[in-house]
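Structure first, then comments.
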Amino acid sequence: MEQHELRQWEAQCTQEDAPHCQAQCPLHIDVRTFCKKMAAGKINEAWAVLYKSMPMPHITANICNGLCMETCLRKDLGGSINMPELESYCAANATKNPPVRPLPSKGKRVLIIGGGLSALAAAWDLAKKGISPTILSTEAYDDVASNIPEKAFEQHEQAMKKLGVLFSSEELPEDLAEICTKWDAVLLATSEVANQYPCELINPKTLQTNISSVFTVPFPCIATSIERIALGRTLALSAERSIQNVSLTAGRDTEGPYQSRLQTAVSSVSSLPRLPAGDEGYDEATAMLEAGRCLQCECMQCVNNCVYLAEFKSYPKVYARHIYNNAAIVMGTRHANKMINSCMLCGLCEEICPEDFAVQNLCLTARQEMVADSTMPPSAHEFALRDMAFANTAGMLAKNAPSASASTYAFFPGCQLPAISPHLVESTYNYLRDSLEEPVGLFIHCCGAPAHWAGQKDLTEATTRQILQQWEIMGKPELITGCPTCASMFAELLPQIPTRSLWEVLEEVGLPAKARMPQQPYVLHDPCSTRHDEPMRAHVRAIIEKLAVSITEPRLSGLLTECCGFGGLLDSANPELSRKASQHRAETLSACTEDEQDVLTYCAMCRDMLARTGKRTIHLLDILFPNCNAALSCCDADPATIPVTGFSDRRENRIRLKEHLLTTVWGEAESVTKENAPTITYTEQAAANMEERRILRSDIRKVVDYVEATNSSLFNTQTQRNVASFRPVGVTYWIEYTKDNDAYCIHNVWSHRMQIIPPK
Amino acid sequence: MNTLQVLHDDFSHWKCTQCNEQLVFTAVELVYLESKFSVELPTCPACGYVLIPESLATSKMAEVEQLLEDK
Ligand code: SF4
Ligand code: SF4
Ligand code: SF4
Ligand SMILES: [Zn+2]
């Protein structure tokens, strides 16, 4: 990522923008923090917040008229937060004034002609910056003093003294040009004096006049007290800049009230009425409650709706910076690797974000860059990519319809449906052949999504090239996609191949007569890959309607559906978070109805991901094709109770399906030469560890073969068990076993990636 | 290169089945992603078969692998 791209990403997220009250306040008081401290009864800390951003806070806090209240998001939810009352309560009850520490003197002097709020505010700000102000007025406090409690006034005077603000009662000078030679800048602080001198306001933003070191309030000047204080602040800032000889205008766009971009979701906030103040103002308890009504406005809409974004405890603006820094590291630990690889690439954030921040694009690009610079951790996606490689070799099948030399259509079930529910591939394929008049081929292959998600551009391209070649060999059939992810991948990566979803075709040719009559209603889960496939979602709903199955739509569905926890290879890169994501989705689905309903979905992976949380989940094909096939390990059980298919079973299912179809449909049984390999059994513990550690039965088989071939192993004389290892490629697999009459019983398995160089 | 001591249990009850030798702690090199470590591990003195116990593979070794991957 280039620096300017980082800036673009950062600018898109508005989470750090000011809340509307703060943007509207001419002094930009940090209302949120102030209210938070007040609500917690931390009066002195709240006072410190005001002290930091208010000129002469003892006065300001007592006369503010609450301009911020116009834009407070509480306005229509019980009434804006009563900031004026809270501020004066705070000023009256704080017991500790933060120290006033002016910057070291810059040896510059400013003459402020005229008294009043603008003059006092300008003097306060200038003095804090180490520029000595002198207020030339005999009535500096005339329009203020009567509104300020005596105690506050005393404290104000002490602070002004500490700051070194001088007051002069000399006559107003006549010759402005002459004064300018004696002072570094001159401020005309009231409308009356502005009118008295022969100079003209030329820039209402900076308050500069035609005499470059003279700044003035406008004439006439109709302003509320808080606006006059803000004018004083502007005068001070302009004077400072002119003294320092820097740009008067740069970076001042948000000086006065402005419109913040921050968007806060308030639709679920309930109304809470404003608390009235008595004649004496608030008492402590009421002040705390009133401050507690502040919504603490922030955006965080994406974070509140994405398990992944919440997991890393921040928000996209910060993530963009982490990702940028991660790429910049030459030596040291890359702390963002896990974060980059944990996004499900589901695109929900972009739909939710008022500014369309697409975290998935940020993360996918980062992955592609990591792969290109060889900084992608091998363990992140290797298992998933090996599975893809298997699906595209041993598990792959591409055949024209029996006795056809080319196909008009080909069913493309994807790689997960054959792995999870091979019998559904068989029934669907048979049904399509029966229902469509033209020849229907079968094309079992992975669409390349794992390679794409892993940021592996070359591998993605190689995979799509294979698909394209095979498709041409089959006579360029229209592909009927059974998996929503495949459909979205084809649209993105292989737009030249005509595709239609299985659902569209089924709707057209009619549904099989023998549908399973399910218990109803169901909660419908749209796979995240259908987010932008409105037609597919509509076809599915049409089929459901034809089946007369009633469904409930969850809070987040359709365009706003959530990922099941598989997307972006999360399950490979961060299995724990993947589980959390599945759990979260299951809970959203449960929360949409009062009594637990089963989930209906139309992606094989979604079905397994949700089922592993214990949520009863079925695939739409389970309803359409209730026929069971024992040869394909289908057991005719209630489909919602079928356990999740383990990693090894997925591979075996693919092979089994392929052999079965080759025999039954094409009559070409592959000659499977069954050698007399030793049988292998697994204890329950071993099987569980294999699943958790992603070790396949085929990996174990390799270790056993190695033991058989070399006869080498280690033996624990206490447990009477053997241990052996083998390293096929990048991982060393270990088995702990007992052997009885050539049969191996595996008690435990583990693995590591480090390579052992044995001693010479 | 310093040789690391990571295992403290007794492995004298382990044997190499092929050589019928007791395993003894020997300096072994572990390599991952261009990093090398020398570690004392139970090894067959005759054929050099090295034992990586489960506890080592799933804790310390996994941590180091993770660290090296994020480097
Ligand atoms: S709720 Fe609080 S933060 Fe939001 S606009 Fe109102 S005062 Fe400001
Ligand atoms: S793409 Fe999905 S997982 Fe990634 S940040 Fe957006 S909503 Fe979260
Ligand atoms: S939704 Fe998320 S990315 Fe968008 S502005 Fe809000 S916090 Fe930033
Ligand atoms: Zn040996």
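The values are calculated or read from the model by the stated rules, or taken from the named source; none is laboratory data. Fair warning: this is a prediction, and the values are worked out from it, not measured in the lab. Glycine gets a Cβ as well: all are built from the backbone with ideal geometry, and neighbour counts include every protein chain shown. Ligands, DNA and RNA are excluded from the accessible area calculation, which covers all protein heavy atoms including side chains. Shrake-Rupley method; radii C 1.70, N 1.55, O 1.52, S 1.80 Å.
For the reader, a short list of remarks on this structure follows.
- Length, then width, then depth: along the principal axes, the Cα atoms of the stretch A:122-229 run 41, 30, 26 Å.
- Rounded to the nearest 10 Å², the accessible area of residue A:51 at probe 1.4 Å: 20 Å²
- Database remark: amide H of residue A:478 closer than 5 angstrom to the amide H of A:409, A:410 (H placed geometrically; neighbours at sequence offset of 5 or more, or on other chains; Pro and chain starts carry no H).
- Summary of the geometry: the stretch A:1-71 and the stretch A:387-463, compared by the centres of their Cα atoms, lie 58 Å apart.
- In sequence order, the stretch B:46-58 has phi-based couplings of 8, 9, x, 5, 9, 9, 10, x, 3, 4, 5, 5, 8 Hz under the Karplus curve 6.51 cos²θ - 1.76 cosθ + 1.60, θ = phi - 60°, and Gly or Pro positions carry x.
- For the pair residue A:318 and residue A:492, label points projected 7 Å from Cα toward Cβ lie 2.8 nm apart.
- 3J(HN,Hα) along the stretch A:619-636: 9, 4, 5, 4, 7, 5, 10, x, 5, 9, 9, 5, 5, 10, 6, 9, 10, 6 Hz, from the Karplus curve 6.51 cos²θ - 1.76 cosθ + 1.60 with θ = phi - 60°, whole Hz, x for Gly and Pro.
- Gyration tensor (alpha-carbon) shape descriptor, the stretch A:461-610, a/c threshold 1.5: oblate
- Amide H to amide H, with H built 1.01 Å from N, residue A:168 comes under 5 Å of A:135, A:136, A:137, counting only residues 5 or more places away or on other chains.
- Acute angle (nearest 10 degrees) that the helix A:3-12 long axis makes with the longest principal axis of chain A, alpha-carbon atoms: 80 degrees
- For residue A:106, the solvent-accessible surface computed with a 1.4 Å probe is close to 80 Å², ligands and nucleic acids excluded.
- The residues packed around residue A:126, meaning those with a beta-carbon under 13 Å from its beta-carbon, carry a net charge of +4 if Lys and Arg are +1 and Asp and Glu are -1.
- Here the Karplus curve 6.51 cos²θ - 1.76 cosθ + 1.60, taken at θ = phi - 60°, turns the phi angles of the stretch A:141-148 into couplings of 10, 3, 8, 10, 3, 5, 8, 10 Hz, with x standing for Gly and Pro.
- Sorted largest first, the spans of the alpha carbon positions of the stretch A:329-432 along the three principal axes are 60, 36, 25 Å.
- Across A:36/A:96; A:615/A:702; A:108/A:162; A:317/A:580, pairs whose alpha-carbon gap is larger than 27 Å: A:615/A:702
- A 1.4 Å probe over all protein chains sorts A:684, A:504 by accessible area into A:684, A:504, starting with the largest.
- Summarising the amide proton neighbourhood of residue A:682: residues at separation of 5 or more, or on other chains, whose placed amide H is nearer than 5 Å comprise A:746.
- Note on chain A: Cα Rg divided by 2.2 N^0.38 Å, N the number of residues, gives 1.33.
- Accessible surface buried upon A-B contact (total; probe 1.4 Å; Å², nearest 100): 3000 Å²
- As a length-normalised measure over Cα pairs under 8 Å and 6 or more apart, the relative contact order of the stretch A:429-572 settles at 21 percent.
- Compared with the dominant principal axis of the Cα atoms in chain A, helix A:150-163 is inclined by about 90°.
- Building the convex hull from the alpha-carbon atoms of the stretch A:181-252 and averaging its projection over directions returns 4.8 nm².
- Equivalent ellipsoid semi-axes, the stretch A:448-524, via Cα gyration tensor eigenvalues times 5, rooted, Å: 30, 18, 9
- Solvent accessible area, Å² - residue A:531, 1.4 Å probe, full protein context: 0 Å²
- Inter-centroid distance (Cα atoms) of the stretch A:121-178 relative to the stretch A:676-708, Å: 86 Å
- Principal semi-axes of the equivalent ellipsoid, √(5λ) from the alpha carbon gyration tensor of chain B, are 24, 13, 10 Å from largest down.
- Sorting A:651, A:261 by accessible area puts them as A:261, A:651; the probe is 1.4 Å, largest comes first, and only protein heavy atoms count.
- Residue order for A:25, B:19 - accessible surface, 1.4 angstrom probe, largest first: B:19, A:25
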